[in-house]
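Below: one structure, written as structure tokens.
The values are calculated or read from the model by the stated rules, or taken from the named source; none is laboratory data. Keep in mind that what you see is a predicted model, and the values were worked out from it rather than measured. Cβ atoms come from the backbone with ideal geometry, glycine included; neighbour counts cover every protein chain shown.
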Amino acid sequence: MTQKKPARKRYVSPKGTAIWPRLNQPDTKFDADGVYSAKLAFDGFDEAANKLIAELTAVREAEFRKYLSENPKFKKVAKLVDFFSAELDDEGEETGRTLMNFKMKAKVTAKKTGKVYVMKPVIVNAKKAILKNPPNIGGGSQLKVSFEVMPYFNAKDKEFGLSLRLVGVQIIDLVEFGGGAAAANDFDDEEGYDADGAEDSSEDSEDESESGDAEESSGDY
């Protein structure tokens, strides 16, 4: 009887400021299948963020030791890379904030079966209610992220690190980016053309479904 792999540990980030999030639609600029992402900025003195970084650093070092014990030929050449970075301003100076980037592939192909799975981050509000039609989440929003970590080794560059795999997002304070609904709010009501089936501009018009693990993920926050 085949044993199931143990479930990966879930982590939840502290509240951070979103920078160019891609949570409503995946980014296809560098990957045709699309990638969802949530880059968060944390103040350098954020105790919760620093505690999380320390915890994940310990995980990375333990996984690195395990990898080298199983692949001793890389002991002299392998090097660690960080899963976080310092934010830089336009002049290349550090701002004092720390960045962490969480990503999810929009499509994943199972190695054994070749089956393609369509992925989507679970999005919940501050009260943990799952949003079937989430608003347009823009930069400046205050978010928490549920994620898993995956160790990796880049054989070309001999680099070992952790990827932060996005699972879900909790909206604490929302900043919406422009779109059809936002543009509609630029106008005043006027007498004239009134098409049937017009949508309320105060609501998001996209019909987005939950991902398969929506109920499980909402319990992370």
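Listing for the model above:
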| item | result |
| --- | --- |
| Positions within the stretch 133-167 being under 20 Å from P14 (Cβ atoms) and out of contact with any Phe, Trp or Tyr (no Cβ under 8 Å at 6 or more places or on another chain), in sequence order | G140, S141, Q142, L143 |
| Residue that is surrounded by the fewest Cβ atoms within 10 Å (Cβ to Cβ) [pool: residues in the stretch 57-73 that are farther than 14 Å from L162 by Cβ and polar (S, T, N, Q)] | S69 |
| Single residue of the stretch 22-56 satisfying the filter (of a type in the set (A, V, I, L, M) and farther than 23 Å from P151 by Cα) that is surrounded by the most Cβ atoms within 10 Å (Cβ to Cβ) | L23 |
| Pairs, first among the charged types (D, E, K, R) in the stretch 58-72, second surrounded by 12 or more Cβ atoms within 10 Å (Cβ to Cβ) and not in a helix (DSSP H, G or I), C-beta under 6 Å, six or more apart | R60/L162; E63/P151 |
| In the stretch 86-113, the residues that are closer than 22 Å to S146 by Cβ and surrounded by fewer than 14 Cβ atoms within 10 Å (Cβ to Cβ) | V108 |
| Subset of the stretch 125-143 [of a type in the set (G, A, S), under 21 Å from P26 (Cα atoms) and surrounded by fewer than 16 Cβ atoms within 10 Å (Cβ to Cβ)] | G139, G140 |
| Qualifying residue in the stretch 63-83 (condition: closer than 22 Å to A155 by Cα and among the polar types (S, T, N, Q)) | yes |
| Hits in the stretch 74-105 (condition: among the basic types (K, R) and in a strand (DSSP E or B)) | K79, R97, K103, K105 |
| Some residue of the stretch 26-49 being in contact (Cβ under 8 Å) with a residue 40 or more places away in the chain, in contact with a strand residue (DSSP E or B) (Cβ under 8 Å, 6 or more places away or on another chain) and in a helix (DSSP H, G or I) | yes |
| Selected residue (only one of S163, S146 is touching a residue at least 24 places away in the same chain (Cβ under 8 Å), crowded, with 18+ Cβ neighbours inside 10 Å and part of a strand (DSSP E or B)) | S146 |
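A quick yes/no check of all residues on (1) within 16 Å of P121 (Cβ to Cβ); (2) at pLDDT below 95; (3) exposed (fewer than 13 other Cβ atoms within 10 Å of the Cβ):
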{"residue": "Q170", "(1), (2), (3)": "yes, no, no"}
{"residue": "A181", "(1), (2), (3)": "no, yes, no"}
{"residue": "D194", "(1), (2), (3)": "no, yes, yes"}
{"residue": "A214", "(1), (2), (3)": "yes, yes, no"}
